[in-house]
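Read through the structure below, which is laid out as structure tokens, and then see the notes.
The values are calculated or read from the model by the stated rules, or taken from the named source; none is laboratory data. Not measured: the values here are computed from a predicted model. Here the Cβ is made from the backbone with ideal geometry for all residues, glycine too, and neighbour counts use every protein chain on show.
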Amino acid sequence: MTSMAVTNIGELVTNDPAAGHGRLGVLPDAALIVDDGRVAWVGANALAPAADTVLDAQGGAVLPGFVDSHTHLVFAGDRAAEFAARMAGERYTGGGIATTVAATRAAPDEELRATVERLRREALRQGTTTVEIKSGYGLTVPDEARMLRIAFEASPETTYLGAHVVPAEYADRPDDYVALVCGAMLDAAVPYARWVDVFCERGAFDADQARAVLAAGVAAGLAPRVHANQLGPGPGVRLAVELGAASADHCTHLSNADVALLAGSSTVATLLPGGEFSTRSPYPDARRLLDAGVTVALATDCNPGSSYTSSMPLCVALAVREMRMTPAEAVWAATAGGAQALRRTDIGHLGIGARADVLLLDAPSHLHLAYRPGVPLIRHVLHNGVLT
Ligand code: NIG
Ligand code: FE
């Protein structure tokens, strides 16, 4: 494989404090060498070694690719009318999930595959080089298995979310559904999943049901993560910390005890501001978490109901404007934070040896991601060292 020099970088964000200034590891007037899909060298532009090809950043900023650690990209159907009703004053309750379940069950594999591919490419154009994808709109053994099979074709970061909601046909016997999720459905999911997740929320699964699902997943070799405290206070975060989950996602309604538990754990709090934007709900208080010492990640939650955006730059801008994060904190959370939420050390930074997932911005610094909201600032994306 040939090597590539990215030269004339106005500001290189490495997320490697040993390589540059501050937590973002920022190097001004820098260059970066990619070799064999990995970062081989970073340093002053004037000292850059030769490479086979050159990509001139023209004074723009260079960042690690975004790590979107929470999406639901496998689905069929459209819920624009539900969105319009919310914007006219209706509340989001998660009830629309059933609409997507019906459409997804009816859709052929090819349609689901095309949707995943369309959204993955859409995200890549906006700088997302790693995307986690959940099941959860099938809720039968064959439908959950095929969702994960299709997701796994697009990403190794796949999550079994059979415990998204209790489907209508099990409404009067939810414990039988939990048994299915922990039994035959899990067996069918395992070959295509790395993670197990549960929507622990009033109206979905309570603490005991959620614990049973996560424990069964762990026993089958999957690692846990939790949809926690999204619509109201509840046991989700407590459970995530108790089980050593990589991440508790949403974290919108937290008690002081929840914050303290997260701060004393290795569980990342993944905040999903696209959800609050699209449901017109109060945003989670990122400042409170950061000030307590909690590791925070940002992700899109891309799904057809509560957050139909694939844009990590939008999430960064919302986190800064609405959640009291500094631009540096938000950029870190959307890159290194996402990597930590997926327990990955090869992505989310541009230290030597990192996977060469690299963004070149049409802007002089990372600040512009929040300063220029809604503007397509991603000029080039390298994925595994290859220009996309
Ligand atoms: O993360 N919280 C549960 N699941 C999704 C919403 C799914 C939907 O509304 O279709 C979420 O917001
Ligand atoms: Fe979600």
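Condition check ((1) surrounded by fewer than 18 Cβ atoms within 10 Å (Cβ to Cβ); (2) within 16 Å of ligand 1 (Cβ to nearest atom); (3) part of a helix (DSSP H, G or I)) across all residues:
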residue	(1), (2), (3)
Glu144	no, yes, yes
Ile150	no, no, yes
Pro156	yes, no, no
Tyr160	no, yes, no
**Asked** Which strands (runs of 3 or more DSSP E) does the stretch 35-84 wholly contain that include 2 or more residues that are touching a residue at least 60 places away in the same chain (Cβ under 8 Å) and touching a Leu at 6+ places or on another chain (Cβ under 8 Å)?
**Response** 38-44, 61-64, 66-68
**Prompt:** Applying the selection to the stretch 89-106, what residues are at pLDDT 95 or above and more than 11 Å from ligand 1 (Cβ to nearest atom)?
**Reply:** Ala102, Arg105, Ala106
**Prompt:** Restricting attention to the stretch 214-256, which residues are of a type in the set (Lys, Arg) and within 12 Å of ligand 1 (Cβ to nearest atom)?
**Reply:** Arg225
**Prompt:** Among the residues of the stretch 297-329, which ones are in contact with a Cys (Cβ under 8 Å, 6 or more places away or on another chain), touching a residue at least 40 places away in the same chain (Cβ under 8 Å) and closer than 22 Å to Thr93 by Cβ?
**Reply:** Ala299, Thr300, Tyr308
**Item:** Residue count for the stretch 182-213, restricted to those that are under 13 Å from Tyr160 (Cα atoms), surrounded by fewer than 18 Cβ atoms within 10 Å (Cβ to Cβ) and within 14 Å of ligand 1 (Cβ to nearest atom)
**Value:** 0
**Item:** Residue among Thr115, Thr93 that alone is touching a residue at least 24 places away in the same chain (Cβ under 8 Å), in the same structural domain as Gly203 (by TED's automatic domain parsing), part of a loop (DSSP other than H, G, I, E, B) and in contact with a Leu (Cβ under 8 Å, 6 or more places away or on another chain)
**Value:** Thr93
